[in-house]
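Q: There's a structure below that I have some questions on.
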Amino acid sequence: MGENTPIGSVLIVGGGIAGIQSALDLAESGFYVYLVEEGPSIGGVMAQLDKTFPTNDCSLCILSPKLVECGRHLNVKNITYSEIIGFEGTPGNFKVKIRKKPRYVDLEKCVGCGICAQKCPVKVDDNYNEKLAKRRAIYVEYPQAVPLCYAIDAEHCLKITKGKCGVCQKLCKSGAIDYEAKEEIIEIEVGAVLLTPGLEKFKNNPYIGFDNVVSSIQFERILSASGPFKGHVERPSDGKSPEKIAFLQCVGSRDVSIEHGYCSSVCCMYAIKEAIIAKEHAHHLKPTIFYMDIRAFGKGFESYYERAKNEYGINFRRSKVVQIEEDIETKDIIIRCVDENGNQVKERFELVIMSVGLEPTKTSKRIKDVFGISLEKYGFAQTNSSSPLTTSRPGVFVSGAFSQPKDIPETVVQSSGAVSAAAEILGGARGSLTKEKKYPDELNIFGDPPRIGVFICHCGINIGSVVDVPSVVEHVKTLPNVYFASESLYTCATDTQNQIKEAIVEHKLNRFVVAACSPRTHEPLFQETLREAGLNKYLFEMANIRDQCSWVHMQDPEGATEKAKDLASMAISKARRLFSLTPHSLGVTSKGLVIGGGIAGLNSAYSLAEQGFEVALVEREEVLGGQANEIHFTLDNNSPKKYLDELIKNVENHPKISVCKKTQIKNIEGFVGNFKTTLNNCKGEISYEHGAVIVATGACEYEPNEYLYGKDPKVITQRKLEKKLTEENWQFTSNKEKSSIVMIQCVGSREKERPNCSRICCSQAIKNALRVKELNPYTDVYILYRDIRTYGFREEYYRLAREKGIIFIQYDASKKPLVEYDDEYNINVKVRDPIINQEISLISDLVVLSVGIKPYENKNIAKMLKVPLTLDGFFLEAHVKLRPVEFSTEGVFVAGLAHSPKFIDESISQGKAASAKAASLLSKDHISADGTISTVDIDRCTSCGSCINLCAYNAIEIKIVNERTGKKSAQINEALCKGCGACSANCRCNAIDVCGTTAEQIYEAVCAFK
Amino acid sequence: MSDFEPKIITFCCNYCSYVAADTAGTRKEHYPANVELLRLPCSGKVDILYILEAFNKGVDGVLVTGCRKEQCHFMEGNYKAEAKVMFLKDILDEIGFGGNRLHVQFMSAGEPDEFVRAVTDMTARIKELGPNPVENKK
């Protein structure tokens, strides 16, 4: 390797969701990954969560496939129980020293059977369950942990501390335990580093001594089916099921007295989620949430909040908690608080949950020292709004909660974005160190009688608490061709994958059925397992007995069990008729198309080009930059103009980018890897072939018609004010000594027609208000708000605004402010001040409306690309939590405002994230397309041609198939066929069918339904 | 016939109603347990023969679900499904079996309520109609 060639591997520090996402993205796009984790297994805080908002997906269920993938990916080396102790070098060429702490259990030998932990005599507080349960001194963090290998807690092990015991070593059949193990120092070379060490939960909670006060993360464990109380809402003091529970918000957040002046961004939403889930577990519960502002600023969050209030009846109380005390006899908790009207009230609760904030990881200081990066004042990694993924050291990138508290989707976006940032400097080394996965030769099962294996999943208690799983197992054992049937706690866990492989070998199985959750999320995982066992992946079938059975028939366990039997039987019957399919290989045109030249699109295009791919950037307007052209200064007083100008210059001068301004998309056809787009501009039509599409079409400002807007020039929008504020000598009133501005928040957001929050308007108002005060301190500035949503470090500016004398008045959606003229034709804003509980009247020289963000008319592009939109018209990604830049249509990605309202730094991250996903696709010479496409039985086909008209994709042709006899038949173009089955459903000769869902398979399934 | 529990098969499109059904699960909605789902790549894959086979085997009702108009993942599979269902309903009426036992319903992936409503209504409708009249069910 030459001096200047970068090294094609990357070090990732921290194995939470951020690190896992980056690892998988890097490995998929041709880089070798070292994933270093301090703890004994990967997964991070997300593995501790019960559910995730706003979809209420089970957290581990959506994380687990990624854990498993990370654990078995050929190009990801997991180095657990380890820390970085040395780091030197330059971007592209770093040397890293890693200390591997002794685990005392051999990773290679341990099979994860758990006999050691059953017999270990030492009980220790279980940190995974937040000390609400005990674990042993030899342990795995949780059942689905990756790697599923036990570790000995050297602090508590009797053998290691006192030289006594040694039971586990005697019991371990694999001989994996070695009490003499020593720490190991290893050295590796990498081209770039991603820091993803995550967060710490705020611990110095003053009331944690009370039995019935738990932290939100403890409550998360209480709600979890695999938690200390098996998912029953109980209070720790007496195991009683409480009725009245309270959540206290902002514990360890928005509090300068404890040096936590920032907002933790996630607590409002997780408290709402926990309240909803708790109520689902125990319908009689009466949750109350005590809060300052509800910060439901993310995509779809506001509707979730509304549902919590209206459908679940959760009580939200805007109130400052003064004190909480414990009733010594009943152990109830008494909360004293000041309500909205300033009165002190007292209320008794049986269980109180502290919504604890997020802190920088406790390793942040050490990371700073080892990697030589700067931290900001609270100890988070220092970044800035135009380079949110870059640390102060070149070649070292950051993502996730280490740079600022953030939620899972933003973390995932940043993690993919950081992959792009790393790939930009390592582009040339792509593929230099990666290995290709070798599968065992596929068994030819043609003609063999079906031998079916079945796993019925308990999914913790998600299925097992409703469906009688053992009886389903007994039932399927009686079915013909079933040679193996068993139950499992979590079928998606790594050890079960091994059991599946073993069962396939031991029982000579040639079909496999899993009855568990939805095939939409888990089918690929099991198919991969089948491939590793030498079976064609299409010999797998899934029965959905959770989402479509146990969860919807909770009140009817008997019916649910019967249905589960039926669903399993149907899947088994279908499986009997399954056959091997060969996926066909498709070429990839390694060029990208980016639609939209705003901040997100520019970043996507530039990043793709820097990674070595040709890109066409299409913009409908004459200028690039989109909405960022309208932003003159940011909250932290930077000018985005300089950043934008430089970015535009870089993009326009890049040899690999062709910029098409004033250009429309006329048509997009084709499919992943092989799109063909027709562009239309003044020069006429251009056809462009490309492998991936990034949709970054942006969004625009909502045009208000309320509050006298458009009728009086003294009513303007925030954006107009921002522009005016940059103009020299601008005055909105002749009276310099006494003037006033009233700002009204949530105009066109959080309304019936536009139910969601526009995320940026609170910060925008505060930004402008601060500038007004700076220019003229005598101006009175009032901000009329519903909730101030300055999340993360933006909270500092909210506090600054209050210190500067900006007056914040809260109003309720039901009592909106009135903007009217008084007798002297002054504008008068009337609003009810909740503190004095009276209507007040503000004479204002200027009324500024904080208008929301509105999506463009996206239907056309959505239709061309066959991707969905949300109800409010933004693009809808494949999964709001874990696939925030992808669509379910392969090869199509989304970034920026087209996805949802966001700040510049967030658009930059998402633009880069979309390009990482696109680059991963474009870096491949070919991809294998799904084998589930149509096939023609030549002998049956009469070449009538009716299928040709039915096919929406022009995938069918009539061709001569036998030159000698002149026999004609329909023929499928494999690249064009999408496998919809329209042809098969109408074929009068039964000659054409869709592999994977053949008529025969459907008949079998229908017949199994008793 | 108050204790009659009908058996209903729902053909689901992989891109809309199947997702809606999953989401109904995540939201812990409730619907009768006698509804079984069969996943197809598209509602346009539904063949009249599948429906007849189901009735022949004694299923009391068949519900075909697909994407909302103009939202079909495969352009117009849902229109094709609707045309077939309407055609078959007429035949079922004509032979005295009752076209009411067959129903087509469109919904998007984001409408779990619609799914729950469709299967709940279907169950109620079939309960009223009573068991499948086919003799010598196979």
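Bear in mind that the values in this text are calculations on the coordinates, not laboratory data. Values in this document were obtained by computation on a predicted structure and should not be read as measured data. When we count neighbours, we look across all protein chains shown, and the Cβ atoms used for this are built from the backbone with ideal geometry, even at glycine.
Q: Which translational diffusion coefficient, to the nearest whole µm²/s, is obtained for segment A:13-112 from the Stokes-Einstein equation, given a Kirkwood hydrodynamic radius over C-alpha pairs, 37 °C and 0.692 mPa s?
A: The diffusion coefficient I find is 221 µm²/s.
Q: In 5 Å bins starting at 0, how do the alpha-carbon pair distances of segment A:370-523 split up by percent?
A: 2, 7, 12, 12, 10, 9, 8, 9, 10, 9, 6, 4, 2, 0
Q: Cα to Cα, under 19 Å, and not fewer than 8 places away if on the same chain: which aspartates and glutamates meet these conditions relative to A:Lys377?
A: Straight-line reach from A:Lys377, under 19 Å: A:Glu200, A:Asp255, A:Glu259, A:Glu359, A:Asp369, A:Asp636, A:Glu795, A:Glu796.
Q: Separate question: Measure nothing fancy, just the Cα-based angle from helix B:17-26's long axis to the longest principal axis of chain B, in degrees from 0 to 90, nearest 10.
A: Helix B:17-26 and the main axis of chain B meet at about 80 degrees.
Q: I want to check the label-to-label distance for A:Asp255 and A:Lys666. Put each point 7 Å from Cα in the C-beta direction and report it in nm to one decimal.
A: So the label points at A:Asp255 and A:Lys666 sit 6.3 nm apart.
Q: If you don't mind, there's one more thing I want to ask. Where Rh denotes the Kirkwood radius from the mean inverse Cα pair distance, what is Rg over Rh for segment B:8-133?
A: 0.95
Q: According to the square roots a ≥ b ≥ c of the eigenvalues of the Cα gyration tensor, what is the shape class of segment A:134-232, taking rounded for a/c under 1.5, prolate for a/b larger than b/c otherwise, and oblate for the remainder?
A: oblate
Q: For the charge dipole of the protein assembly as shown, defined by +1 on Lys and Arg C-beta atoms and -1 on Asp and Glu C-beta atoms about the Cα centroid, which residue among A:Ile908, A:Val693, A:Pro583 has the Cα displaced farthest towards the positive pole?
A: Sorting the options by dipole projection puts first A:Pro583.
Q: Also, I was wondering about something else. Based on Cβ point charges of +1 for Lys and Arg and -1 for Asp and Glu, what charge dipole magnitude is obtained for chain A about its Cα centre, in debye rounded to the nearest 20?
A: 860 debye
Q: Using Cα positions and a limit of under 17 Å, work out the lysines in reach of A:Lys683, with same-chain residues fewer than 8 apart set aside.
A: A:Lys661, A:Lys662, A:Lys666
Q: Right, here's the next one. At 7 Å along Cα-to-Cβ for each site, give me the label-to-label distance between A:Met554 and A:Asn990 in nm.
A: 4.5 nm
Q: So, one more: Output wanted: per-residue J couplings in Hz (rounded whole) for segment B:93-100, from phi through Karplus 6.51 cos²θ - 1.76 cosθ + 1.60, θ = phi - 60°, x for Gly and Pro.
A: Rounded to whole hertz, the list is 5, 4, 7, x, 7, x, x, 5.
Q: Something else about it: Return B:Lys7, A:Lys720 ranked ascending by Cβ neighbour count within 10 Å, so the fewest neighbours appear first.
A: A:Lys720, B:Lys7
Q: For A:Tyr811, A:Tyr825, A:Tyr270, what's the fewest-to-most ordering of other Cβ within 10 Å of each Cβ?
A: A:Tyr825, A:Tyr811, A:Tyr270
Q: Something else about it: In deg cm²/dmol, rounded to 500, what helix-only [θ] at 222 nm does chain A give when every DSSP H run of at least 4 residues adds -39500 (n - 2.57) and the total is split over its residues? Write out the running numbers ahead of the final one.
A: On the way: 23 runs with 257 residues, N = 1010.
That comes out to -7500 deg cm²/dmol.
Q: Could you put A:Asp822, A:Asp57, A:Asp106 in order, starting from the residue whose Cβ has the fewest other Cβ atoms within 10 Å?
A: Working: A:Asp822 11, A:Asp57 20, A:Asp106 16.
If I rank by nearby Cβ atoms, fewest first, I get A:Asp822, A:Asp106, A:Asp57.
Q: Take the Cα gyration tensor of segment A:448-539, multiply each eigenvalue by 5, square-root it, and list the three semi-axes largest first, rounded to whole angstrom.
A: Equivalent-ellipsoid dimensions as semi-axes: 20, 16, 11 Å.
Q: Under 23 Å Cα-Cα from A:Lys119, which lysines qualify once same-chain neighbours fewer than 8 residues away are excluded?
A: Qualifying lysines at Cα under 23 Å: A:Lys109, A:Lys131, A:Lys134, A:Lys159, A:Lys162, A:Lys164, A:Lys170, A:Lys173, A:Lys230.
Q: Quick check on segment A:796-866: what are the equivalent-ellipsoid semi-axes from the Cα gyration tensor, as sqrt(5λ), descending, whole Å? Before the final figure, lay out each step's value.
A: Values: eigenvalues 245, 73, 37 Å².
Equivalent ellipsoid of segment A:796-866: 35, 19, 14 Å, largest first.
Q: With r defined as the distance between the Cβ atoms of A:Ala117 and A:Glu184 and R0 fixed at 35 Å, what FRET efficiency is calculated, to the nearest 0.05?
A: Taking R0 as 35 Å, the efficiency between A:Ala117 and A:Glu184 is 0.90.
Q: Can you tell me the dipole magnitude for segment A:310-462 around its Cα centre, using point charges on the Cβ only (Lys, Arg +1; Asp, Glu -1), in Debye to the nearest 20?
A: Rounded to the nearest 20 debye, it is 760 debye.
Q: What distance in nm separates the two pseudo spin-label positions at A:Lys738 and A:Asp441, each 7 Å out from Cα along the beta-carbon direction?
A: Going from the A:Lys738 label point to the A:Asp441 one covers 9.6 nm.
Q: Which pairs, out of A:Lys438/A:Lys501; A:Lys299/A:Lys859; A:Lys203/A:Lys279, put more than 22 Å between their alpha-carbon atoms?
A: A:Lys203/A:Lys279
Q: Given axes a ≥ b ≥ c from the Cα gyration tensor, I'd like to know whether the protein assembly as shown is rounded (a/c under 1.5), prolate (a/b larger than b/c) or oblate. Intermediate results must be reported in sequence, preceding the final value.
A: Values: a/c = 1.37, a/b = 1.24, b/c = 1.11.
Because its axes are fairly even, with a/c under 1.5, the protein assembly as shown counts as rounded.
Q: Additional query: Is segment A:201-359 rounded, prolate or oblate when judged by the Cα gyration tensor, a ≥ b ≥ c being the square roots of its eigenvalues, rounded requiring a/c under 1.5 and prolate requiring a/b larger than b/c?
A: rounded
Q: Starting from the Cα of A:Arg393, step 7 Å toward the Cβ, then list every residue of segment A:186-227 with an amide N under 11 Å from that point.
A: Within reach of a label on A:Arg393, which here means backbone N under 11 Å from a point 7 Å along Cα→Cβ, segment A:186-227 contributes A:193-195.
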